[in-house]
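The values are calculated or read from the model by the stated rules, or taken from the named source; none is laboratory data. If you're wondering where the values come from, they're calculated on a predicted model, not measured in any experiment. Positions of Cβ are generated from backbone atoms using ideal geometry, with glycine treated the same way; all protein chains shown enter the neighbour counts.
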Protein chains: 2
Amino acid sequence: MLNPSPGTVDPVLIFAALGDRTRLALLNRLGDGRARSIAALSIDTALTRQAITKHLHVLQDAGLVASLRVGRESRFAARRETIDEARAYLDGVSRQWDDALGRLKAFVEE
Amino acid sequence: MLNPSPGTVDPVLIFAALGDRTRLALLNRLGDGRARSIAALSIDTALTRQAITKHLHVLQDAGLVASLRVGRESRFAARRETIDEARAYLDGVSRQWDDALGRLKAFVEE
DNA sequence: CTAATGGGCAACTTTTAGGTTGCCTATTTG
DNA sequence: CAAATAGGCAACCTAAAAGTTGCCCATTAG
């Protein structure tokens, strides 16, 4: 039904997609669960429709949004799964680092 | 004692810093809590020492690592706080999206 | 004291990301 | 059907990122 359901995505891709102000703003707008057309997402932004289109594709490649063509418009909606995947990754990092006590001490000693 | 303790950092900066394979690898190596010199972090990587240095500075600007000069070497260590900040941000996004039920339905209706 | 090691700095090259313009096609709508 | 709307595609332009090389300075080791 939707476009890409890429099971699991490379965390680097996800973080890179999140590391841009415009895309983070798009994601936040889509965070209300409503699917929106490219045109709808392009108003209220200084950028051109094509720029927004590119950003949406980056988000889609990262699995953060999915698209569906409806008539002449293509609607984009946020995907929870991938945000959760990013969270899980950071949780893993955090957990790994938990075991690493005495990190500041390690600054001094060799 | 350490270099920058930037209270709170722009999420975009953090995600952008995480969105690079080399930097994510560096972070993972530092995730054991040991502080390492640039030279130490440069072996086992195809890149030059200067390239690694640049990546470390990007990580530092994002608050993900801190550095301390010890004699002739400068040691870098991971900072838990900023990873937690990123986690908190994603938690917020996730929580916002929780309220958004019927997202898929919204694909069909206007 | 003289190597050798660890880094900083700056200039430079190359690749990629962000963005624009122009044009063409498909779908609505009056 | 004609005009308007929504997008796709491709070429192009910049600016920033990633990486390199070269050189110089500080610190440590023989």
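Return the residues of region B:92-110 that are modelled with pLDDT of 90 or more and surrounded by 14 or more Cβ atoms within 10 Å (Cβ to Cβ); say none if nothing qualifies.
Matches in region B:92-110: B:93, B:94.
So which helices (runs of 4 or more DSSP H) stay within region B:20-82 end to end and still have 3 or more residues that are under 23 Å from residue A:94 (Cα atoms) and within 10 Å of DNA strand D (Cβ to nearest atom)?
Correct list: B:21-30, B:49-61.
Answer yes if at least one residue in region A:30-53 is among the hydrophobic types (A, V, I, L, M, F, W, C), under 19 Å from the mean Cα position of the chain (by Cα) and within 30 Å of residue B:35 (Cβ to Cβ), and no otherwise.
no
Within region B:54-73, restricting attention to residues that are within 9 Å of DNA strand C (Cβ to nearest atom) and surrounded by fewer than 17 Cβ atoms within 10 Å (Cβ to Cβ), which residue is nearest to the other protein chains (Cβ to nearest Cβ)?
Ranking the qualifying residues of region B:54-73, first place goes to B:70.
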